Every structure is written in C-alpha cells, then in structure tokens.
Amino acid sequence: MIIVLNYEGSIWRPPSEARSLILQATVGCSHNACTFCISYKKKKYRVRGVEGIKEDLSKIPNSYLHRVRRVFLADGNALAVDVDEMQLILAELNKSIPNLERVGTYAYAKDVDGKTVEDLKDLKKAGLGIVYLGLETGDDQLLEWVRKGLDSKKNIDSCLMVRKAGIPLSLTIILGLGGLELSERHAKATAEVLNKIDPEYVGALTLMIPEGTPLHSITQRGEFKPMSPSQILSEMKILVQHLNLTECIFRTNHASNYLPVRGTLNRDKQLILDQITAALNQGESAHLRTEYMRGL
C-alpha cells in the first residue's frame, strides 16, 4: 500500500517511534539556531495545525488507520503549538484513528511558555502520551556556546512542568558536546540537571558534526576538536556514575553512539558501568560502531 503524505523536507523521529504514523503538525523548528543541528536549517518554521493533519488523514485509507496504534507529531517541536490548536489536533487524531494508544512529540523547553501545568494535564487527557525534549547538556556555558537559547534552569523548570502534568518525559543529551576540555564538567553538570528532573527516559547521543552547521565551520577552523571513541566512553562513564534516578530507562541506542547500552537507573547502574569499563579496557578490540555505521 502506497500512501503519499505532504511531508515537507526531511522527517526526523526518535528511535522508539519507528512504527508510528508520522504527521507534521508543524514544519521546521521554532528555535532552529543550535550550532550542531542540521535537521531543519532549510525549513522556515510554520504551524500546519489541525487543518494540515486533516489533509494528511484524508489521504490514508481507513483500513490502514485501523492498524495505527501510535502517532508522532513532527517536526522539531510540535509542542510549540498553542493549547487550543493542539487540543483540536489530538481530538482529530482520536476521531480518525479508532485504536490510537499514544501521541508523541518533540519539544523545546520554551514550548511551555504561556502554558500551565493544568494545560499540559488537559493535553495528556486528550491523548498526548510522551514528550521528547533535547536537554543536550546541563552546563550553562555550553548551552550558550551551542546557541540553545536558554539555560539549565529553564530546562529544569519546563521539564518539571511536564512531569507534574503526568506526561512521560524522554530527554536527550549529547556526549562530546564540549570536547575534551569541558568533558568532565559537561558530564557532571548534565547528571546534576537530570537528577533534578528525574525523567522516565534518558537517551544519550554522541555528537555528530554535519556539513552546513556552524559547528562544522568551527571544527574546520581548528577551534573545536571532536573526541575519540574512548574519550566519549569515559565521558559517558562519568555521567552514569553521577546519575541518581528513580526509575529511568537509560539508552544509547541512537545510531550516533559507539556503544549501545540499555538499563534502568539506578537499578542497573553498575551493570551499565561494567559494560562501559569493559569496552574501555578492550581498547581498539572493543566491538564499537564504526564511523561508517554511525553514518558519518
């Protein structure tokens, strides 16, 4: 069955949304200034809203819609849509997809500006089942350097609002973001922020530097030196050592990572540390993803 939707540009989604129906509630990213990100550079941000969702759904046969269990709302941070519009989107999804179990979306911490915890609770009741948010780092100097447009306090406050609303929260952080010089500080500061938020999920990515990003130009000029695989693993070890989480699924299953690990923190903390230590001790013989497999 071939279904043609009005996707604009490349579409990105979390690994856990691989089987989801992806619909663009927005196009691009409302911030779109991070120095490491290439995903939405060629897109001008706009809201497609419920009318765009209706247009897409009208092209999908009912026989297929009956098989859909999950929907992921793209693009970069569909949570930026105002509450009333998001309510309309969720209502349309629930009306059109009989067996819908969960709707997920990417988010930027500033997306909760103008929203209350009660607003977020209402979105949860309407079907918003998970929010994926790019934390990147807990270090304020690094957040400024990569032009994230906020500080760690904003990240914490926004994430705690999502948590208070009862919406499962999946945070991503980027290993290697500060280079070797800031590696330990980045790891410890990130762990400190994650401990304050205590999310349900944490996904660690490893820094990639695609052409066309400001960070690529900085690296080409020799002003930033990417970390080696062993240095990345050492940074991840420091991060995990300093994490103190209640019941958080920790994953490094993104293609950018050299060593895929998975466990629940803090229960599996020592197991994860042992895997990292074993890979470090094996050195070049460790079974790490090659640069080719990482898509570099």
Task: Residue tally, condition part of a loop (DSSP other than H, G, I, E, B) and in contact with a Lys or Arg (Cβ under 7 Å, 6 or more places away or on another chain), over segment 258-282 - done: 1
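For segment 6-35, which positions are within 17 Å of VAL146 (Cβ to Cβ) and over 14 Å from the mean Cα position of the chain (by Cα)?
Hits for segment 6-35 are SER30, HIS31, ASN32, ALA33, THR35.
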Task: Number of positions in segment 130-166 that are more than 15 Å from the chain's Cα centre (by Cα) and within 18 Å of GLY76 (Cβ to Cβ) - done: 6
Open item on the list: If ALA91 meets every condition in (1) over 16 Å from GLY127 (Cα atoms); (2) of a type in the set (Gly, Ala, Ser); (3) modelled with pLDDT of 95 or more apart from one, which number is that one?
Closed with: (1)
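Yes or no, residue by residue, for (1) crowded, with 18+ Cβ neighbours inside 10 Å; (2) closer than 23 Å to GLU136 by Cβ:
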{"residue": "GLY28", "(1), (2)": "yes, yes"}
{"residue": "VAL50", "(1), (2)": "yes, no"}
{"residue": "GLU55", "(1), (2)": "no, no"}
{"residue": "PHE72", "(1), (2)": "yes, yes"}
TODO: Name, by its number, the condition in (1) over 16 Å from GLU8 (Cβ atoms); (2) of a type in the set (Lys, Arg); (3) free of Cβ contacts under 8 Å to residues at least 40 places away in the same chain that does not hold for LYS44.
DONE: (1)
Open item on the list: I'd like the full set of residues that are touching a Gly at 6+ places or on another chain (Cβ under 8 Å) and of a type in the set (Ser, Thr, Tyr), limited to segment 17-48.
Closed with: SER20, THR26, SER30, SER39, TYR40, TYR45
- [ ] Sort out which residues of segment 224-241 are touching a His at 6+ places or on another chain (Cβ under 9 Å) and among the charged types (D, E, K, R), and write them in order of number.
- [x] GLU235
Open item on the list: Take residues that are touching a His at 6+ places or on another chain (Cβ under 9 Å) and tell me which of the strands (runs of 3 or more DSSP E) falling wholly in segment 51-149 contain 1 or more.
Closed with: none
Task: Considering residues of segment 154-175 that are out of contact with any Pro (no Cβ under 9 Å at 6 or more places or on another chain) and part of a helix (DSSP H, G or I) only, the residue surrounded by the fewest Cβ atoms within 10 Å (Cβ to Cβ) - done: LYS164
Task: Close pairs from segment 200-219: first over 17 Å from LEU180 (Cα atoms) and in a strand (DSSP E or B), partner modelled with pLDDT under 95 and small (Gly, Ala, Ser), Cβ under 9 Å, at least 6 apart - done: TYR201/SER16; GLY203/SER16
Open item on the list: Checking PRO260 against (1) more than 22 Å from ILE38 (Cα to Cα); (2) surrounded by 16 or more Cβ atoms within 10 Å (Cβ to Cβ): exactly one of these is not met. Which one?
Closed with: (2)
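Check segment 114-127 and report whether any residue there is within 17 Å of the chain's Cα centre (by Cα), surrounded by 19 or more Cβ atoms within 10 Å (Cβ to Cβ) and on the phi < 0 side of the Ramachandran plot.
First pass over segment 114-127, keeping only residues within 17 Å of the chain's Cα centre (by Cα): none.
Within segment 114-127, none of the residues are within 17 Å of the chain's Cα centre (by Cα), surrounded by 19 or more Cβ atoms within 10 Å (Cβ to Cβ) and on the phi < 0 side of the Ramachandran plot.
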TODO: Specify the residue that is surrounded by the most Cβ atoms within 10 Å (Cβ to Cβ); the eligible residues are those in segment 176-207 that are of a type in the set (D, E, K, R) and closer than 19 Å to GLY166 by Cα.
DONE: ASP198
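The values are calculated or read from the model by the stated rules, or taken from the named source; none is laboratory data. Predicted model, so just to flag it, every value in this text is computed and none were measured. All Cβ positions, even for glycine, are placed from backbone atoms using ideal geometry, and neighbour counts span all protein chains on display.
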